[in-house]
Amino acid sequence: VRTTCILLIVLTVPVDAQVSRVASTEARDAVPGFDSAGAISLPAANLEVDVTFPRGKKQVRELTVIFHPGTGFYVWHCTPPSSDRSRHPRLRLGVAKAQRAVVFVDTTRAIDFILGDGLFAKVWQRRAASLDAAVSSSIAEVHQAIPIAEGIGFGRDYQLVPVFGTVGTFAATMPLGHTPISRDFLCDPDQAFCPNDKSRIVSITKPGGQYRLLLRNRFDVEVLVGENLELISARQLTQPDAPKPRPFPFK
Amino acid sequence: MGTLSAQFLTLLVIYGLPQYAQSSVALFATGFAPPIRRRRASPGAGSSSNPVYVTLADNVLPEWAKPIMLTYVKLAVGNGGATSQAAALASTWAQFSTGNGPADVRTWDGRSMSYYAAGFYSCATRAWELVTGLYPSAQCGAFAYLLESALAVNGIHSNWITVDAEHQPTPGTSWSMLVIRNWCFVGANGCPAGSPTYPSEPDYKYLLTTNIGDDPMFPQRHPSDFGDLTNLEGVGGQGSANMRNPDFNPPYTPVEKVFARHFIVRVLELDGQLNAGEQYFDPSYGLTYPSEGGFESRAVSGYAYQFSYEVGTGEWHVSRPKLSPNIRFRPDPLRSM
């Protein structure tokens with residue numbers, strides 16, 4: 001009876017959340033970023049981690065850590081890895097290098113902006129002494145985030161800046177009179193599918209107390225974001241190139 | 001039959017000519033078509049036989065949609081005999097639709113035209129690219145242009161309609177993807193057992209895994225390799241019945257089923273009166289819709305977004321239709337005829 005009880009207890013206790021590095025997967029690189037002086041290059045680490053969730057589910061995730069040596073601020077992303085590493089290695093480094101995810105470093109914090117089906121942002125204020133230390137701290141923070149991430153995924157705490165309208169059930173407040181930028185930002189008007197992989201954050205500056213982002217795909221959009229990452233305004237700056245003509249070829 | 005000069009090739013406006021009259025003269029429309037060979041009439045030169053297509057009215061194709069292709073004329077005229085716009089529309093639509101799905105619409109010379117037998121970037125987006133066989137299959141826009149063009153040949157005006165997802169009740173546009181039927185959602189009746197990947201999400205609980213890069217479903221994946229969703233047969237598109245290539249998985253189903261938007265055609269007015277029937281014609285699927293809600297209930301399995309940490313990964317959050325409808329029909333005058 002005693003053995004059965006112990007066995008039952010063992011079977012009903014949730015598995016501890018765990019995160020561990022996958023050996024020989026770490027790489028170092030540099031990614032573009034911005035600070036108040038302009039464009040900068042930020043050292044970054046990318047590795048795979050094994051994540052075990054409390055209910056027993058296991059996943060391999062790609063952990064990308066971006067570090068600002070001057071201030072010690074760092075940002076991490078824990079994202080799905082490619083199922084085909086040979087063709088699409090280190091996805092998140094690629095996203096950062098293509099300026100689809102860009103960090104702006106302030107004196108008091110770093111802001112991480114991500115451009116996809118919407119513009120997302122998050123304030124990061126933890127510091128580390130080095131990139132190695134930032135990686136270790138990030139792994140510890142991933143570990144702490146696991147119980148919540150099991151239900152909603154990592155990174156759900158990013159804030160939506162509703163430049164293009166809503167995204168799912170993300171809470172966001174539209175400024176009065178704001179008309180969301182249309183999907184033509186991504187799409188030729190005749191195309192039924194519009195990948196967002198050509199969108200990029202061209203620049204981030206901070207004139208006064210606002211962040212000014214320049215977004216580019218088929219046309220340029222200027223976005224002003226407030227200190228609390230609220231959308232202040234967005235406007236289209238340029239017109240898209242005319243669709244490539246496909247005239248009937250026969251005479 | 002004597003020689004026909006190219007200058008003579010304008011549309012003949014006498015719809016309903018007896019069948020015999022179609023058998024011996026030549027063709028159709030301005031400026032297009034296989035060139036007519038000039039031959040000197042001479043004894044023993046033989047004879048040729050060409051159909052005459054007689055339309056209901058002068059064509060209303062805008063310049064940007066020309067030249068008029070023979071297939072547009074064939075789809076406009078059908079079996080002939082229509083004496084009203086309503087009858088002409090019915091004749092044309094019968095070549096696109098069985099009433100409950102695609103009718104395997106064909107070119108003037110009997111070639112099948114397929115809806116997504118290949119990925120987005122190997123598909124026609126213009127009607128002429130489709131009917132000439134420049135691409136092996138087509139996107140929805142090419143079929144919408146094709147239906148508009150066939151109607152325009154009979155003098156019938158139509159509206160190009162862009163179908164977008166728009167999350168309700170929040171106003172304004174959004175960039176949700178449309179996940180077109182049919183899919184099995186994990187844990188649902190008759191679907192694989194399990195629970196959604198994001199159970200704590202309010203609506204977008206399901207994980208959809210697609211290809212990384214600019215085409216989510218081509219090259220094709222195994223039906224069970226889409227995360228919490230399983231790819232099932234249907235809704236069928238034009239030419240789906242011919243998709244017996246074992247690479248098409250599941251069979252008889254368009255390759256692409258995740259879209260940013262869809263293009264259909266509205267016929268608002270017929271014979272000088274408001275069209276009282278279902279106004280929205282979807283030539284890709286051979287379906288008609290009375291409204292945005294009708295489109296959602298007949299065609300949509302779900303809506304998909306990439307959240308911040310999914311950018312660049314091929315993963316999406318998916319919600320099943322809930323606050324119906326999350327669909328908006330937007331007329332586009334620049335593409336209407």
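The values are calculated or read from the model by the stated rules, or taken from the named source; none is laboratory data. Everything numeric here is computed off the predicted structure, so don't read it as measured data. Don't worry about glycine lacking a Cβ; one is built from the backbone with ideal geometry, like all the others, and counts go over all protein chains shown. When the accessible area is computed, the model is the full protein with side chains, heavy atoms only, and any ligands, DNA or RNA have been set aside. Shrake-Rupley method; radii C 1.70, N 1.55, O 1.52, S 1.80 Å.
Assorted remarks:
- Any hit, the stretch B:114-129, residues being under 25 Å from residue B:267 (Cβ atoms), of a type in the set (A, V, I, L, M) and part of a helix (DSSP H, G or I): yes
- Among residues of the stretch A:72-88 that are within 22 Å of residue A:103 (Cβ to Cβ), those with a Cβ under 6 angstrom from a residue that is acidic (Asp, Glu) and open to solvent by less than 10 Å² (accessible area, probe 1.4 Å), sequence gap 6+ or separate chain, pair up as A:75/A:112; A:79/A:62; A:81/A:62.
- Matching residues in the stretch A:143-168 - criterion: being more than 7 Å from chain B (Cβ to nearest Cβ) and farther than 30 Å from residue A:214 by Cβ: A:143, A:144, A:145, A:146, A:147, A:148, A:149, A:150
Residue-by-condition table, conditions (1) modelled with pLDDT under 90; (2) facing chain A (nearest Cβ under 8 Å); (3) surrounded by fewer than 22 Cβ atoms within 10 Å (Cβ to Cβ):
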| site | (1), (2), (3) |
| --- | --- |
| B:300 | no, no, no |
| B:303 | no, no, no |
| B:308 | yes, yes, no |
| B:312 | yes, yes, no |
| B:328 | yes, no, yes |
| B:333 | no, no, yes |
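- The residue that is surrounded by the fewest Cβ atoms within 10 Å (Cβ to Cβ), among those in the stretch A:61-100 that are among the aliphatic types (A, V, I, L, M) and within 13 Å of chain B (Cβ to nearest Cβ), is A:98.
- Scanning the stretch A:28-60 for residues that are surrounded by fewer than 21 Cβ atoms within 10 Å (Cβ to Cβ) and β-branched (Val, Ile, Thr) yields A:40, A:52, A:60.
- Hey, residue B:162 within 10 Å of chain A (Cβ to nearest Cβ) and within 25 Å of residue B:279 (Cβ to Cβ) or not: yes
- Residues within the stretch A:103-122 that are within 12 Å of chain B (Cβ to nearest Cβ) and open to solvent by less than 20 Å² (accessible area, probe 1.4 Å), tallied: 10
- When residues of the stretch B:44-70 are limited to those that are of a type in the set (Val, Ile, Thr) and farther than 20 Å from residue B:159 by Cα, the one nearest to the other protein chains (Cβ to nearest Cβ): B:55
- Check on residue B:140, open to solvent by less than 20 Å² (accessible area, probe 1.4 Å) and modelled with pLDDT under 95: no
- In a residue-by-residue description of the stretch A:226-238, the property of being assigned to a loop (DSSP other than H, G, I, E, B) and either closer than 30 Å to residue B:145 by Cα or within 11 Å of chain B (Cβ to nearest Cβ) (or both) applies to at least one position.
- Being within 13 Å of chain A (Cβ to nearest Cβ), free of Cβ contacts under 8 Å to residues at least 24 places away in the same chain and more than 21 Å from residue B:299 (Cα to Cα) holds for only one residue in B:135, B:121, B:198, and it is B:135.
- Identity of the residue in the stretch B:217-243, among the charged types (D, E, K, R) and surrounded by fewer than 19 Cβ atoms within 10 Å (Cβ to Cβ), that ends up farthest from the chain's Cα centre (by Cα): B:225
- Number of residues in the stretch A:198-211 that are within 11 Å of chain B (Cβ to nearest Cβ) and surrounded by 18 or more Cβ atoms within 10 Å (Cβ to Cβ) equals 1.
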